[in-house]
Amino acid sequence: MFIKSNLIQLSPVDETSINDNWIKTLNDHEYMKFSKNKLQFWSHGSQLNYLNQFDQFKSWCLKITNLEDESFVGTTTIYFDYLIGTVNLGFLIFKEFKGRNFASETLKLICNYISENFPNFRIEIGTHTSNLAMIKVIEKEGFRINECNSEDHVIKYYKITESLNELTIPRIPPILAWAKKICLVANDAGGAEKLKWLLKSIQSQPATLLEGPAVKIFEKSGLDYYKLETKEQLSFFDLVLAGSGWMSNFENSIINFCTQRKIPNIVVLDHWVNYKVRFQTLEISSPKLLAVDNSMALSLANQTFKNSTIWRLPDFQIMQYKEWIDGSLNRKKILVILEPDSKIKNANQIRQEVIFDLIKKTLILNTARNFDGLVIRLHPSQSHQDKEIINLKQHFKGLVFSVNSELIDDLNICSLVVGLNSYALYIAAMCGKETKSYFKSNTEHWTSSISEIGNL
């Protein structure tokens, strides 16, 4: 962690930072009278042991540097609990530099940093009831009293950072850079795609624990990763990034395992549908840490998971696809995005008769607009041996099926994209392709909110 204002800089403390001024301050019992360690004797060795407890992922000890003269004026400690979404702060301004507003400036700088990077987190800080100077600093920064223990004379304060909004600039949260060992977990195709593109952008070499369609997606990705055999191996990791889906319970079982073993985990949401349904089998009410990559998903997630931290990531897939789309090609094919029958019964349920009607309408559109035919793209969970695909081929003779593994390759050979509920429709529309949805006319369907997607 490295942050600074116009007045101070915060950076990790190392052994070379230990100096006589720091040790002298710690051993001044009168100056340290409000500290729980006020009677402890400190030396270079004991201070080094103290610094070694900070892992630079969940806990930090930062050096406060006065930028005016590069003097080392104090330290601040930061302890994250990602499982419940809290961060606890502590301060020590060396005796020589007291009364010069370094504590106030440090607290302000840290709070701003946490607010920008850890939405909906609870910042906690405590001090002795007689430490009036520190109480003034804390209350000036907008903290509220949480509790006051008359027995140990400690008063505890808190403040909660705001959730991100649609105007928030997408960014990769620092927790991903801090984690030394990361594992990606996925079954469903949507979540696997999100994790794949995130991995391509952070240049990490993580482990994976995959099932279902996610296996093929990662095998064809060309990314550098290694496979875990069992979920028990996750206990050795700092952070787990999980997809989310409703086609299986695999991701939820891993999230439950991580919660039990106290392993921080971030759930990366794809699409905008069935947010609550996805997590019905969780032992907790909802994931504490979530990530999305567009404003509509952020808005829906904020409404659905009010007590969770929700980050907005850059949409790396669309950013890359826009660079790869060849606008000079004048293709007259229609790309049809297929999906398997859905298990959830509602007005937008995908059934065989809906698929047949989609193809019929697309064939009519093909003739009316003088296109050169259809290219059918299967969902990653489908295969040509599936009963519904065999029925489709028998009913519509001569259909051409895509052999491309990446969506971008199909987008580059077609000028119009049609489909039902697939997130691929959103990608196509955001990449400038003419796009139509079978369910667009249903005002409750997500495509009705995307002006770039038309009605089939």
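The values are calculated or read from the model by the stated rules, or taken from the named source; none is laboratory data. Values in this document were obtained by computation on a predicted structure and should not be read as measured data. Using ideal geometry, Cβ is built from the backbone for each residue, glycine included, and neighbour counts are taken over all protein chains shown.
A compact table of results
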item: 3 or more residues within 17 Å of the chain's Cα centre (by Cα) and in contact (Cβ under 8 Å) with a residue 40 or more places away in the chain: qualifying strands (runs of 3 or more DSSP E) within region 113-188; result: 182-186
item: Matching residues, region 209-265, being among the small types (Gly, Ala, Ser) and either under 19 Å from the mean Cα position of the chain (by Cα) or farther than 20 Å from PRO380 by Cα (or both); result: ALA214, SER235, ALA242, GLY243, SER244, GLY245, SER253
item: Members of region 63-85 that are under 34 Å from the mean Cα position of the chain (by Cα), closer than 25 Å to HIS29 by Cβ and among the aliphatic types (A, V, I, L, M); result: ILE64
item: Number of positions in region 288-309 that are of a type in the set (Val, Ile, Thr) and either crowded, with 22+ Cβ neighbours inside 10 Å or not assigned by TED's automatic domain parsing to the domain that holds TRP197 (or both); result: 2
item: One residue from ASP28, ASP20 being of a type in the set (Asp, Glu), exposed (fewer than 12 other Cβ atoms within 10 Å of the Cβ), out of contact with any His (no Cβ under 6 Å at 6 or more places or on another chain) and at pLDDT below 95; result: ASP20
item: Qualifying positions in region 79-97 - closer than 25 Å to LEU132 by Cα and without any contact (Cβ under 8 Å) to a residue 60 or more places away in the chain; result: TYR79, THR86, VAL87, ASN88, LEU89, GLY90, PHE91, ILE93, PHE97
item: Members of region 415-430 found to be touching a Leu at 6+ places or on another chain (Cβ under 7 Å) and either at pLDDT below 90 or of a type outside the set (A, V, I, L, M) (or both), listed by number; result: GLY419
item: Options LYS194, LYS220: the member that is outside the structural domain of SER383 (by TED's automatic domain parsing) and crowded, with 23+ Cβ neighbours inside 10 Å; result: LYS194
item: Residue list for region 419-456, restricted to those being among the aliphatic types (A, V, I, L, M) and over 23 Å from LYS194 (Cβ atoms); result: LEU456
item: Check on LEU456, under 21 Å from GLY245 (Cβ atoms) and crowded, with 18+ Cβ neighbours inside 10 Å; result: no
item: VAL400 vs. criteria aliphatic (A, V, I, L, M), in contact with a strand residue (DSSP E or B) (Cβ under 6 Å, 6 or more places away or on another chain) and surrounded by 18 or more Cβ atoms within 10 Å (Cβ to Cβ); result: no
item: Among residues of region 431-456, those that are aliphatic (A, V, I, L, M) and modelled with pLDDT under 95, counted; result: 2
item: Pairs, first under 24 Å from LYS108 (Cα atoms) in region 1-25, second polar (S, T, N, Q) and not in a strand (DSSP E or B), C-beta under 8 Å, six or more apart; result: MET1/GLN56; ILE8/THR106; LEU10/THR106; PRO12/GLN56; TRP22/GLN47
